[in-house]
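Q: Handing you this structure, nothing more for now.
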Amino acid sequence: MMTEFPMREAFRPSFHFTPQRNWMNDPNGLVWFAGEYHLFYQYNPDGDQWGHMSWGHAVSRDLVAWTELPLAIPEDERHWIFSGSIVVDWANTSGFGDGAAPPLVALYTGAERGDDAMQSQCIAYSHDRGRSWTKYGGNPVLDVGLGDFRDPKVFWHAASGRWIMVVAMSLASRIALYGSDNLRQWQHLSDIGPAGPTGSVWECPDLFELPVEGEGGTRWVLKFDVMRSDEPGIAVPVVLTGSFDGTAFAPDADAGGIPHWQRADHGHDFYAAISWSDIPASDGRRVWIGWMSNHHYAAAVPTSPWRGAMTIPRALSLRRIDDVYRLVQQPVAELQARRRTLHEPRAITLPATQTLRLVAPTDLPLACEFHVRVHERSVASFTIGLDNRHGHHLEIGWDCTNARLRIDRSAGLMAGNSVFAAPCSASLAAAGPLTLQIFVDRGSIEIFADDGATVITAQHLMPDDGWSATIARRENTQDFAELGVWLL
Ligand code: FRU
């Protein structure tokens, strides 16, 4: 059974991946192979709540239009199939190849059920472009006797000629690095942590090298997700830049040795992101995607018959700002092929307290991209509101006094959930031009500020089409901004 997007159901996004039915969380096994981007994901084939974890599967040729394929890796008697990654084993180091083509090798966490359940790293491999998978008879391949040891992300490190695995020791607030020649035997190399956000659960690490914009050099990026124990519902994608010598990761730090902790996304709904493996060098991008939800309220989000969506895929780079390497995320360029102009990009002049109102044709789903360029961010606060016919309201606000960008979703469905209803915000530079690239789909909003240096991702629940957008500003300046709006 295959399903082509887009589908039209209440809340069904137009340009974000959702499974046709049932529960989905983390992206898993992201790999490019033979012309296809593969997206595997944590999936419950039996229902719309977390459980029976298995790997679902979808493929795309452009990262935008996805085709859902049959269940890839099902649970078994011993294990639920938790998060992990896939590599193309070009040189057949694992010996799982069939002699014809390089095998795809999946490394996933086998999670036992019940009391004293253990988590260990296991392998499955495929000879048919990820359509069918064989679990390795020698599983698990890495078992250290821990109950919270998960989410292996594996890559080939050419300089040291071996495979590297980053994997979380979740309750110890530690990311461990292992090395292997054959994907089956792993030696411990080094650890990161406990440090920084300790006392919370650490999950879903990734480690990769990125170019620095305009400088020609590269730095390494370590990302992991922290579920804060002190603030329930706050889940933070943490990023460190640094160097990696094939054995250990050394974070960039200030003069006092304190690492530059960054937050990859300031919303409540960007979690468990990992990057694609094996994107061809001729493309050269490092692209990641995240689960666009939050374990705190995901099970209560009233979508049906599915639950869970992915963010838009984002191409990554580093930008040196105030002598710190900042992670920069840009929506993948492939999305531009969907644009249909609603408001040609042009200057808008709004006297104070007046508003600009855009009304979409009523038969169009809420799926659009806004570009706002404010000439000088320090002189005007403004809001962009989205409204539907049911009185639901979603608001983006720029507060020029405090230099904060905010999303407020307290006037929609799910407002009864205190984490969902709390505004999320990010502080930006206080002066200079401000650019916002805003993607609104049924069910979500993603804001890329300052050309991707700050991102906020949030689900929202505005049922039905027939939407309008209103832009209002408070201070009176002649020349306000440029605005472009496209339907996607
Ligand atoms: C993160 C996570 C992972 C785990 C998976 C189980 O969302 O908790 O650590 O592997 O989900 O579904």
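Q: If you check residue 281 against the conditions, is it among the hydrophobic types (A, V, I, L, M, F, W, C), away from the ligand (no atom under 16 Å from the Cβ) and open to solvent by 50 Å² or more (accessible area, probe 1.4 Å)?
A: yes
Q: Would you confirm, using the coordinates I've provided, whether residue 250 is over 20 Å from residue 30 (Cβ atoms), assigned to a strand (DSSP E or B), at pLDDT 95 or above and aliphatic (A, V, I, L, M)?
A: yes
Q: Next question. Can you spot a residue in segment 181-201 that is among the small types (Gly, Ala, Ser), within 16 Å of the ligand (Cβ to nearest atom) and under 23 Å from residue 122 (Cβ atoms)?
A: no
Q: I've got another one for you. Looking at segment 119-139 only, could you name the residues that are surrounded by fewer than 17 Cβ atoms within 10 Å (Cβ to Cβ) and either over 17 Å from residue 96 (Cα atoms) or touching a Ser or Thr at 6+ places or on another chain (Cβ under 7 Å) (or both)?
A: 132
Q: Looking only at segment 255-278, filter to residues that are aliphatic (A, V, I, L, M) and surrounded by fewer than 16 Cβ atoms within 10 Å (Cβ to Cβ); which one of those is farthest from the ligand (Cβ to nearest atom)?
A: The residue in question is 255.
Q: Do we have any residue at all in segment 319-331 that's open to solvent by less than 20 Å² (accessible area, probe 1.4 Å) and out of contact with any Lys or Arg (no Cβ under 9 Å at 6 or more places or on another chain)?
A: So far as segment 319-331 goes, no, none of its residues is open to solvent by less than 20 Å² (accessible area, probe 1.4 Å) and out of contact with any Lys or Arg (no Cβ under 9 Å at 6 or more places or on another chain).
Q: Going through segment 37-77 one residue at a time, which ones are within 16 Å of the ligand (Cβ to nearest atom) and part of a loop (DSSP other than H, G, I, E, B)?
A: Across segment 37-77, the qualifying residues are 45, 46, 47, 48, 49, 50, 51, 52, 53, 74, 75, 76.
Q: Just the residues that are polar (S, T, N, Q), open to solvent by less than 20 Å² (accessible area, probe 1.4 Å) and more than 16 Å from the ligand (Cβ to nearest atom), please, taken from segment 81-97.
A: Matches in segment 81-97: 94 only.
Q: Continuing with this model, one more query. Considering 191, 230, which residue is open to solvent by 50 Å² or more (accessible area, probe 1.4 Å), assigned by TED's automatic domain parsing to the domain that holds residue 311, assigned to a loop (DSSP other than H, G, I, E, B) and of a type in the set (D, E, K, R)?
A: When all the criteria are applied, what remains is 230.
Q: When you go through 311, 303 one by one, which is the residue that is at pLDDT 95 or above, open to solvent by less than 50 Å² (accessible area, probe 1.4 Å) and outside the structural domain of residue 436 (by TED's automatic domain parsing)?
A: 311
Q: Check segment 233-254 and report whether any residue there is in contact with a helix residue (DSSP H, G or I) (Cβ under 6 Å, 6 or more places away or on another chain) and within 16 Å of the ligand (Cβ to nearest atom).
A: Within segment 233-254 (the criterion being in contact with a helix residue (DSSP H, G or I) (Cβ under 6 Å, 6 or more places away or on another chain) and within 16 Å of the ligand (Cβ to nearest atom)), the answer is yes, since at least one residue qualifies.
Q: Next question, about the same structure. Condition first: surrounded by 16 or more Cβ atoms within 10 Å (Cβ to Cβ) and acidic (Asp, Glu). Now tell me which residues in segment 415-468 satisfy that.
A: The answer is 441, 446, 450, 465.
Q: Could you list, in sequence order, the residues of segment 284-296 that are touching a residue at least 12 places away in the same chain (Cβ under 8 Å) and away from the ligand (no atom under 16 Å from the Cβ)?
A: 285, 286, 287, listed by residue number.
The values are calculated or read from the model by the stated rules, or taken from the named source; none is laboratory data. No experiment lies behind these values; they were computed from the predicted model shown. Every residue, glycine among them, receives a Cβ derived from its backbone with ideal geometry; neighbour counts consider all protein chains shown. These accessible areas exclude ligands, DNA and RNA; they are computed on the full protein's heavy atoms, side chains included. Shrake-Rupley method; radii C 1.70, N 1.55, O 1.52, S 1.80 Å.
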